[in-house]
Ligand SMILES: Cc1cc2nc3c(=O)[nH]c(=O)nc-3n(C[C@H](O)[C@H](O)[C@H](O)COP(=O)(O)OP(=O)(O)OC[C@H]3O[C@@H](n4cnc5c(N)ncnc54)[C@H](O)[C@@H]3O)c2cc1C
């Protein structure tokens, strides 16, 4: 039970959100779907004076941004923009006959839920990897209906799937505050277990993904059983040069990005598997360890999920061609 | 509650899959659970628990908590001890040759586990109570603690109870025969160790109590989510120093229990005391993290088994060390006893010796849990049988067949003294193998193996002694039921047994329906109220249909006999020429009939006319004592506390991924024999639940603690129970071998599955990984544990 009284705000837009955050006295927390925050407050792990609920701020949705939308003001790279607060919503993207033009940006609003990702047909073409992640989130309809992509990113639980998916995709996180908006690359956003580059007073407004050009990325998730947190995930995004960009999740405090050679002799080739093991092992300085699985186990299965994600990606590519 | 029936007129209710009487209420959210009870002025309690596993309490500072908004009372252990005595044990260890320790509702002097209640807060709302509880400051002087049972047996181990010479609550030997000689003469001798991790029962509804002390007439009314209202009344009378007759215990609908809600918990006495001290009704609802503290099982077995070349098992020796955690007044500590006495299960092993150490540690106490220790016996026995088969290069099915007690040798007295009533174990094996298509499956396994895939098949037999009786204790082998008919033919059944959610009330109604000859819809079953129900013993040990059902049958027959006398007069035929069925009393000759309500009205309103010389009560209270219980020790000192022995044969098919260690359940079959089945739907529901509990223990469930003894698996994301997606369709096959010792030939049903499913899965995983040569030595077989097994086999 939450034993301490707190002030509650549910602003009607992003401007209201950042204003409420900057005006807050004491500890302010941002409420997404609440699937982690509410239990944390119930257990006294998080104690807040102010809760700013995003549910009415209009930050949900998946759109293709071709440029020129109102949100798309001059945004400094990892810096502060001209002071204008971005609107997480963007005009409907152009999705011409299912194909996405190169160079576009897919904007996923921070409060987009897993259920939204699954029910929005545009996610098939604009965010296929997030769609796969969303489809495999456990916890049933409750979690899929309430849990948000932005919430998972900001919670930065090493065992959650969104962080590594964002790193795999080369996503950029749009952080808004009363001082303006900045973008942080996913690779820089996750700074540790349950730690991000988000500063106090900042809210994650949206996540920008390069519009997909190739086939659907490969994805694998390993859990101990259905009720388990993910123990190791791997998302494989084949690059135009043939190199394989693989982001491993849940195996370390933050997502791990490795580049693998393509398996010329197939994924069963022992020499290629040895290469995967070597690359993953070298990158995995300190495996994550928790009640469910220790670091040794994660070190063992990290290359296995990497191999399977690559195999899956190659299969997807084959299916497309 | 009204029982609805799908049964047709003239069809016996017994044996049909009648739906649970309370199904509609549960499905539409109208089930009244403890937290749905509210009395005017109810206040709410929160328990402050020890953060340390072992420490002296130096000071409890309640000032800030007492000044917190809404707080009515903050109670410390010292103050509680001035008002309440120790809680009497459900099963007193000293009476069983073990050691006694006082357990109080709040710790005094020192704490012996992290989570032990040290203080309690009562406030106007739960929220105020929780806020205040966080302000209670307890100063401790840390003492060295011990969490592992083997370590606790060491000479210099920290001691929990200073008046004890060691940390052993019970040490005993069981079994007969010359094990050493038999092992010396055996062709094959296998020794190994098996570790069974600590698990919990995790019912969907945690515990909870609402106590209301009436200061004007000095009476106490307790509502609770519990299994044994009469025993609790006695226990509260003892700990609170009240007359039993001043206490009424009412059992709310129970949302699952599995033994957890048998009495002996500190909060039972505590909540009543808080009501007495505040003069207001006090409610306490356990939260999920508190509920996770309750341990269900934790044992290490070091065994040796000997067999002849032809597969005959000649001897079993087992040294069991059970970690019972800190002492509680609940019955949990006694479970490992059954782990020892249930060896060597349903096999004709003439020489058995089990040595048992039940050890206290600074973990939270074990609580009674479905299986009650028998589960561990089967897990270990079935692992041993598989090791024999492996050692001899024999088929595990055939080694079982070779050693089963033959169907014509029942009743059969085992080496540890159990007198098994009846059974056809080879029949179960045949059934299971047929359903499995065993030979074809073995071929498929070989094909897959050649393709680098690891399919495994595991078998396990399970024997479930049920409906226990413990002389001088409240573990009673009989029970009592009242059947009462109203003037209009309505029937109320008041029974001493309770239902933890399994639906025995429906089964009892079916029995009364058949015996009394009235439709199920006329029958209401009342359970769990010490003022309304006869003195009985509630629910444990698969007893409710055996003794609740048996006593209901006797009482119903008495009522029917009276109806028959008066009804026969009304029809003007001899009494032996009427029968009662479908709510009518019928002349067997010409078929004329009179409705039962008219006969009932005649008995009760024409007592000086047509019912003259018939005692005008349409009510009977009867006790039922099944046969086969014998507490007179035989020439070898063995007693026989169980009337019936259900049995079953499990077959698990798994596929193991040797790269990740993940085990997938592909198929699960259980051939089951609980004698005559009163309601197959209820039996199957119980079997499914017990199997899944075993599958969870086999593959994923484990309570974990940090080095300081604090529970780290206190949520469903860290204590991993199986979900539907983890499970194959469980296929059940029934076999009916009636018990000669019970009313209908029925046997207890409800516990069978926990041990057998664990063993079948463990055997299947070992079989799947046979190409690596692994030996399973512990559960759960979580993916990391499976990889470790493969590693260990590789480096050997
Ligand atoms: C039963 C269960 C099963 C689950 N299964 C999975 C699974 O299979 N895979 C998986 O990856 N995850 C799983 N999760 C985790 C789930 O992904 C996250 O709970 C969810 O996505 C978090 O989103 P939320 O909106 O509910 O976050 P919240 O609980 O609202 O917030 C989480 C944290 O992020 C902060 N926050 C939220 N939104 C923002 C924002 N826009 N800007 C700044 N800060 C913000 C909050 O202040 C809080 O600190 C599961 C969770 C549960 C409870």
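Fewest-first ordering of A:216, B:648 by other beta carbons within 10 Å of each residue's beta carbon gives A:216, B:648. Once C-alpha pairs closer than 8 Å and six or more residues apart are averaged by separation and normalised to the residue number of the range B:693-796, the relative contact order reads 33 percent. In percent, how large is the relative contact order of the range A:7-53, given Cα pairs closer than 8 Å and 6 or more residues apart? Here the relative contact order equals 55 percent. Remark: A:264, B:116, B:766, B:286 ranked as A:264, B:286, B:766, B:116, counting other beta-carbon atoms within 10 Å and listing the fewest first. Counting Cβ atoms of other protein chains within 10 Å of each residue's Cβ and taking the mean over peptide B:128-137 gives 2. Averaging the sequence gap over all C-alpha pairs within less than 8 Å and six or more residues apart, then dividing by the number of residues, gives chain B a relative contact order of 15 percent. Taking a point 7 Å out from the Cα of residue B:733 in the direction of its Cβ, the residues of the range B:410-426 whose backbone N falls within less than 15 Å of it are B:424-426. Using only Cα atoms and rounding to the nearest 10 degrees, what angle (0 to 90) does helix A:270-283 make with the longest principal axis of chain A? It works out to around 30 degrees. Seen through its C-alpha gyration tensor, with square-root eigenvalues sorted a ≥ b ≥ c, chain B comes out oblate because a/c lies at 1.5 or above while a/b is not bigger than b/c.
Compute the angle between helix A:295-320 and the longest alpha-carbon principal axis of chain A, please, reported from 0 to 90 degrees and rounded to the nearest 10. Computed tilt is about 80 degrees.
Mean per-residue shielding of peptide B:715-723 is 5, counting Cβ atoms of other chains within 10 Å of each Cβ.
Considering the zone a paramagnetic label at residue B:409 would reach in this model (a point 7 Å from Cα along the Cα-to-Cβ line), which residues of the range B:317-352 have amide N under 16 Å from it? Counting only backbone N, you get B:343-352. Each of A:108, B:480 was scored by other Cβ atoms within 10 Å of its Cβ. Arranged with the fewest first, they read B:480, A:108.
Shown is the FRET efficiency for residue B:184 and residue B:437, computed with R0 = 41 Å from the Cβ-Cβ distance and rounded to the nearest 0.05: 0.50. Between the Cα long axis of helix A:14-23 and the first principal axis of chain A there is an angle of about 70°, rounded to the nearest 10. Note on residue B:716 and residue B:245: with the Förster distance fixed at 60 Å, the Cβ-Cβ geometry gives a FRET efficiency of about 0.90.
Counting Cβ atoms of other protein chains within 10 Å of each Cβ in A:219-231 and taking the mean gives 6.
Between residue B:395 and residue A:241, the simple label model (points 7 Å from Cα in the Cβ direction) yields a spacing of 6.1 nm. Here's the picture: a label point sits 7 Å out from the Cα of residue B:319 along the beta-carbon direction, and within the range B:174-200 the residues with their amide nitrogen under 20 Å of it are B:174-185, B:189-197. Between residue B:59 and residue B:12, the modelled labels are 7.3 nm apart [label points 7 Å from Cα along Cα→Cβ]. Could you calculate the FRET efficiency of residue B:791 with residue B:631 from 1/(1 + (r/R0)^6), where r is the beta carbon distance between them and R0 is 56 Å, rounded to 0.05? Working from the Cβ atoms, E equals 0.65. Overall shape of the range B:62-101 was characterised from the C-alpha gyration tensor. The equivalent ellipsoid obtained from it has semi-axes of 35, 9, 8 Å, in decreasing order.
Bear in mind these aren't lab numbers, they're just calculated from the coordinates by the rules spelled out. All figures in this text were calculated on a predicted structure; none of them were measured in a lab. Virtual Cβ from ideal backbone geometry, glycine too; neighbours counted across all protein chains shown.
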